[in-house]
Amino acid sequence: MSASALPGLAPPKPIPIRDRASLVFIEKGRLDVLDGAFVVVDERGVRTQIPVGGLVCLMLEPGTRVSHAAVGLAARAGTLLVWCGEAGVRLYAAGQPGGARSDRLLWQARLALDESARLKVVRRMFSLRFEEEAPERRSVDQLRGIEGARVRRFYEIQAQQNGVEWRRRAYDRGDWDAADIPNRCLSAATACLHGLAEAAILAAGYAPAIGFLHSGRPLSFVYDVADLFKFETVVPVAFKVAGRVAKGQPLQGSVEGVVRRDCRDIFRRTKLLERLIPSIEDVLSAGGLPPPGEPADAQPPAFTEAPSGDGGHRG
């Protein structure tokens, strides 16, 4: 039976990432589908409609329940569902709105396995992040060390500019409240950026686990991509909010909530969603290896459909 013959409303066509709003955090509510739309029913029974097709990512915090129909709608709309811990920091599970093609995934894997190509990709990431060419004759490990030193220095500068007492980057995953305010702000801010980066990677048809500078983690490539934009977006936001707390200025809501809203605003101002997928293509192209073609003896699909959304969307 074709999709058009199914009862109810026709499934939504995925909207490209660049045309969407960034993300929404949900806690203590039940996600379901009503009249073909995504709704959240809170503990008081109040229903709030969410334009799931117009969002990149939904971050589901403790106390959230999701119906089968809601997960199916999110998958068809190409919206990533991320089950996370308090303040969106601990990642428990994530949906898979991408996966419509394997050519880009194979290209990514080929680049990561080729030592020369991998170094070229890492060097391109370095130049985009720091707006200067990477030092010559440096290995990936050496570039990682240079990057780490610059990141620590950037944190120190941001702390000084915002009047924040800064020691080091540290927090306990098992005890969120034990971290100091600057670290809580940074963790909440980077969680927002990681959610968007993972959604873009999946929508474009790549694998979050196949990283170049980072490796050995389920989200290695997410960290690679997010780091390209961290300095211009979430890190300044985190330290500005921490500075307001240090100066005793009142906040509208929790520290984490203020950080999220400010991150949402900076994502919009910097046009981040328009830049994520082109930047991924940019850094991978720097590896100098062409995307693999289809094997001559491969079996073509029995049914073809017009593409919609981004390259990795299944819808």
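Values as computed for the structure displayed
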| read-out | value |
| --- | --- |
| So ALA117, is it modelled with pLDDT under 90, more than 22 Å from VAL33 (Cβ to Cβ) and among the small types (Gly, Ala, Ser) | no |
| Candidates ALA199, ALA209, ALA189, filtered to the one that is closer than 21 Å to ALA94 by Cβ, at pLDDT below 90 and out of contact with any His (no Cβ under 9 Å at 6 or more places or on another chain) | ALA199 |
| Selection within the range 18-30 - under 20 Å from ASP262 (Cα atoms) and surrounded by 13 or more Cβ atoms within 10 Å (Cβ to Cβ) | ARG18, ARG20, ALA21, SER22, LEU23, VAL24, PHE25, ILE26, GLU27 |
| ILE181 closer than 26 Å to PHE126 by Cα and either of a type in the set (Val, Ile, Thr) or touching a strand residue (DSSP E or B) at 6+ places or on another chain (Cβ under 8 Å) (or both) | no |
| Residues of the range 31-54 classified as surrounded by fewer than 18 Cβ atoms within 10 Å (Cβ to Cβ) and more than 25 Å from PHE267 (Cα to Cα), total | 11 |
| Looking only at the range 55-69, and only at residues there that are out of contact with any helix residue (DSSP H, G or I) (no Cβ under 8 Å at 6 or more places or on another chain) and outside any strand (DSSP E or B), the one that is surrounded by the fewest Cβ atoms within 10 Å (Cβ to Cβ) | HIS68 |
| Residues of the range 236-281 satisfying the condition of being within 30 Å of ALA109 (Cα to Cα) and either aliphatic (A, V, I, L, M) or not assigned by TED's automatic domain parsing to the domain that holds VAL222 (or both) | LEU272, LEU273, LEU276, ILE277, ILE280 |
| Cβ pairs under 6 Å, 6+ apart, first in the range 189-214 and assigned to a loop (DSSP other than H, G, I, E, B), second among the aromatic types (Phe, Trp, Tyr) | PRO208/PHE221; ILE210/PHE221; GLY211/PHE221; HIS214/TYR223 |
| Scope the range 147-168; condition touching a helix residue (DSSP H, G or I) at 6+ places or on another chain (Cβ under 8 Å) and aliphatic (A, V, I, L, M); matching residues | ALA159, VAL164 |
| Positions within the range 70-86 being assigned to a helix (DSSP H, G or I) and within 25 Å of GLY205 (Cβ to Cβ), in sequence order | ALA70, VAL71, GLY72, LEU73, ALA74, ALA75, ARG76, ALA77 |
| Those residues of the range 123-146 which are part of a loop (DSSP other than H, G, I, E, B) and either surrounded by 15 or more Cβ atoms within 10 Å (Cβ to Cβ) or in contact with a helix residue (DSSP H, G or I) (Cβ under 9 Å, 6 or more places away or on another chain) (or both), in sequence order | GLU132, GLU133, ALA134, PRO135, ARG138, SER139 |
| Selection from the range 209-220 of residues that are of a type outside the set (S, T, N, Q) and farther than 10 Å from GLN108 by Cα | ALA209, LEU213, HIS214, GLY216, ARG217, PRO218, LEU219 |
| The lone exception for ALA93 - which of (1) exposed (fewer than 14 other Cβ atoms within 10 Å of the Cβ); (2) within 28 Å of SER187 (Cα to Cα); (3) at pLDDT 80 or above it fails | (3) |
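The values are calculated or read from the model by the stated rules, or taken from the named source; none is laboratory data. All of these numbers come straight from a predicted model, not from anything done at the bench. Neighbour counts are summed over all protein chains in view; Cβ atoms, including those assigned to glycine, are modelled from backbone coordinates with ideal geometry.
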